[in-house]
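Peer 1: Below are the structure tokens for one structure; questions will follow.
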Amino acid sequence: MWKLFQSIIIILKIFAKTSFSSEVEYRLNAFVELISVIGNLLGSIFILSLFYSSGSTLGGWEWNSSIVVLGIYIFLEGFIISLLQPSLTSLVKHVQNGTLDFILLKPMDTQFYLSSRSISPWGLPSIIGGFSLIIWGISLGSYNPTLIDLMMFLSTIVSSFIILYSLWFIIATTSIWFVKVWNATEVLRATLVAGRYPVSAYPSILRFLFTVILPITFLTTVPAQSVLGMSSISMTLSSLFLASIFFSISRIFWSFALRFYTSASS
Amino acid sequence: MISIDVKGLSKNYQIAEKEPGLRGSLKYLFLRTSREVKAVQGINFSINEGEMVGFIGPNGAGKTTTLKMLCGLIHPSSGLISVAGYKPQRRSPKFLRKITLVMGQKQQLIWDLPPIESLLVNAAIYGISESETKRRIKNLGEMLELDDELYRPVRKLSLGQRMKAELLASLLHLPSVLFLDEPTLGLDVNSQIRVRDFLLEYNRKYGATIFLTSHYMADITSLCERVLVLHKGNLFHDGSMASLTEKLTPYRSVKIEFSNLYPLSEFRKYGSIHESNDHYVHLLIPRERVIPNISEILEKYSVTDLEIKDPPIENLISRLFLKDSKK
Ligand SMILES: Nc1ncnc2c1ncn2[C@@H]1O[C@H](COP(=O)(O)OP(=O)(O)OP(=O)(O)O)[C@@H](O)[C@H]1O
Ligand SMILES: [Mg+2]
């Protein structure tokens, strides 16, 4: 077990190194991404402040609580940009180019390999920005989170991340069937954007998708509630439970999908 | 010891016919109209440990499909496979450590980075220690004549250098069964020879089983004593190169040079005349007549030089497949 853990750490280290060095070769691209992240962050706060400028509340949420929700959203988004987006878009590319063959022939868990293979530093501004927003939102309010609140926050935000990861991985997995039917990369982008705008802005099919199938709001509000003293142990446990369900589904779905893999004809 | 054993192996691909647009996609989801392609149709063969076997056939014969099933990448539609004692489609880590797949048309090296980085990733995945990795890179690198190419980004390497680095990356874990799908694709003659020599040396050194496809006959003839010929998903031949030629042509080519001039018509009875000039005739003689006819010629005429050969295998095979596709 210890040996397995050790080799996983070595592999992650090398993956981190190799993905950073390939990323740095495109500096201009990197600069553009950084600017867009900062723009996004400021833009979101501005839009949120417009909601509150008339003195109304958003679905019963105070201004400071909404800042926390937004902070969590941006924080999660940073993790997605750094950890999920590079790996899962490369999964889709591997399927399209037929180079998934090489990965399937490696003597290791392919889901782990595909999910950790590439990381990108460009989510870091969002992670830092989101984190600052969370702190700021808490300090604006009158409630001081206890140690238990913080632990619940940590577990729920990890759950949210795992749920997001699993959803993304499931969507990316469908590229095994639909490699030529739809561009899964675009679908992945779309789910990321979904949480940013009010759900009613979407056509009815997508609205159904975003509220029922992809629990975007659940992902941000539950951690926010725990840090604002509005949550409970049972809430935390159920979010952990939900996360483990989603994660198991993503694994089962992956091995199921591989039975149908025909490997792009070269 | 048997290394690869295949019984009644078949693979059918379902090819979905999708209409364009969202509606087409939805229709595709629920009611697929599909066509079946029978890529491999019930083939049987077995290969011993340490054997080098060539796998040839025209485009679309099902060679790549067969190799992918042998590696466990795709599931067979029916039939049994055993490779190194394992069932490939389970893709157990123990099995994967024993095999490798090299494909001329696809590459595993990371395009923007020097090959050495990809090698280190593989070393970590296979759990090869740092010192051992260094030693293997040095050894295999020497065998492949690779050196500072390993430290230049892959995209700046020539096709030949890239292929050699690709081989190194695929063999770092010293597999004992090698599946090679057109490993010399697009290489010039020198690089082809280098790759061939390397494979031979690897086979000698590690006693590895090598199963190789190529459209360059020279790869097969210089490496493999045994050859499998696949045609439209069926095994057309399994045996030596010589027996394949025998099967393909009832003639042998005989070139004779004479010191005197003889009328050409005298040679008609020995075989069909392929080519001739003043002191030279090139005959195609039925196999069973070769010995008697030549002894008669040697008796009757003053012969200065004689060459008996099988016609070039490329011509024979392409003729066979051409004939078949016309049917
Ligand atoms: N992923 C796939 N999906 C559907 N059909 C496929 C797929 N891969 C191969 N085929 C079909 O199966 C048949 C055999 O293909 P295969 O790639 O095995 O041939 P091959 O012998 O390797 O040919 P080549 O010499 O051109 O590489 C072909 O008719 C091909 O179109
Ligand atoms: Mg092929």
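Peer 1: So what is the relative contact order of chain B, in percent, for Cα pairs below 8 Å that sit 6 or more residues apart?
Peer 2: Reported as a whole number, the value is 18 percent.
Peer 1: Something else: Rounded to the nearest 500 deg cm²/dmol, what is the calculated helix-only ellipticity per residue at 222 nm for chain B, with -39500 (n - 2.57) per DSSP H run of length n ≥ 4?
Peer 2: -11000 deg cm²/dmol
Peer 1: Of the listed peptides B:260-270, B:170-180, B:193-203, B:227-237, what is their order by residue-averaged count of other C-beta atoms within 10 Å, with the highest listed first?
Peer 2: B:170-180, B:227-237, B:193-203, B:260-270
Peer 1: OK, next. Need one word for chain B: rounded, prolate or oblate. Basis is the Cα gyration tensor (sqrt eigenvalues a ≥ b ≥ c); a/c below 1.5 gives rounded, then a/b vs b/c decides.
Peer 2: Taking the square roots of the gyration eigenvalues as a ≥ b ≥ c, chain B is prolate.
Peer 1: Which order do the peptides B:205-212, A:67-74 come out in when sorted by mean C-beta neighbours inside 10 angstrom, highest first?
Peer 2: So the order, starting with the most tightly packed, is A:67-74, B:205-212.
Peer 1: Rounded to a whole number, what % of the accessible area of chain B do carbon and sulfur atoms account for, probe 1.4 Å?
Peer 2: 51
Peer 1: Next up: Per-residue mean of other chain beta-carbon atoms within 10 angstrom of the beta-carbon, peptide A:97-103?
Peer 2: 5
Peer 1: Quick one: grab the alpha carbon gyration tensor of the range B:250-309, order the square roots of its eigenvalues as a ≥ b ≥ c, and give me rounded if a/c is under 1.5, else prolate or oblate depending on whether a/b is larger than b/c.
Peer 2: Cα axes put the range B:250-309 in the prolate bin.
Peer 1: OK, next. Below 8 Å, C-alpha to C-alpha, sequence gap of six or more: please give me the relative contact order for the range A:66-125 in percent.
Peer 2: Value for the range A:66-125: 54 percent.
Peer 1: Here is a further query. Quick check: the angle from helix B:313-326's long axis to the longest principal axis of chain B, C-alpha only, nearest 10 degrees?
Peer 2: For B:313-326 against chain B, the angle is about 80 degrees.
Peer 1: How many percent of DSSP beta bridges within the range B:176-327 run antiparallel, rounded to 5?
Peer 2: Roughly 85 percent of the DSSP beta bridges within the range B:176-327 come out antiparallel.
Peer 1: Please give the peptides B:37-47, A:227-237, A:40-50 ranked by average Cβ packing (other Cβ atoms within 10 Å per residue), highest first, as a rough proxy for protection.
Peer 2: So the peptides B:37-47, A:227-237, A:40-50, ranked by packing, come out B:37-47, A:227-237, A:40-50.
Peer 1: Another question, if that's okay. Can you give me the solvent accessible area of A:His94 with a 1.4 Å probe, rounded to the nearest 10 Å²?
Peer 2: Around 50 Å² of this residue is reachable by solvent.
Peer 1: Right, something else. When DSSP beta bridges are limited to those with both residues in chain B, what percentage is antiparallel, rounded to the nearest 5?
Peer 2: Restricted to chain B, the bridges split so that about 70 percent are antiparallel.
Peer 1: If one computes the Cα centroid of the range A:215-253 and of the range B:122-197, what distance in Å separates the two points?
Peer 2: Cα centroid to Cα centroid, the span is 47 Å.
Peer 1: If you don't mind, there's one more thing I want to ask. Between chains A and B, what is the buried accessible area in Å², counting both sides, with a 1.4 Å probe and ligands, DNA and RNA left out, to the nearest 100?
Peer 2: 3000
Peer 1: How big is the accessible area of B:Trp111 in square angstrom, nearest 10, if you roll a 1.4 angstrom probe over the protein chains?
Peer 2: 110
Peer 1: Could you tell me the center-to-center distance, by alpha carbons, between the range B:77-106 and the range B:203-221 in angstrom?
Peer 2: Here the two parts' Cα centres lie 18 Å apart.
Peer 1: Okay, next question. Treat each spin label as a single point 7 Å out from the Cα along the C-beta direction, and report the B:Glu266 to A:Phe46 distance in nm.
Peer 2: Output for this residue pair reads 10.3 nm.
Peer 1: With r as the distance between the Cβ atoms of B:Tyr206 and B:Asn315 and R0 = 25 Å, compute the FRET efficiency 1/(1 + (r/R0)^6) and round to 0.05.
Peer 2: Result of the calculation: an efficiency of 0.10.
Peer 1: If you don't mind, there's one more thing I want to ask. Which whole-number value in Å² is the accessible area per residue of the range B:250-309, probe 1.4 Å?
Peer 2: 62
The values are calculated or read from the model by the stated rules, or taken from the named source; none is laboratory data. Every value quoted in this text rests on a predicted model; they were computed, and no experiment measured them. Counting neighbours? That spans all protein chains shown, and the Cβs are built from the backbone with ideal geometry, glycine included. All accessible areas refer to the heavy atoms of the entire protein, side chains included, with ligands and DNA or RNA removed. Shrake-Rupley method; radii C 1.70, N 1.55, O 1.52, S 1.80 Å.
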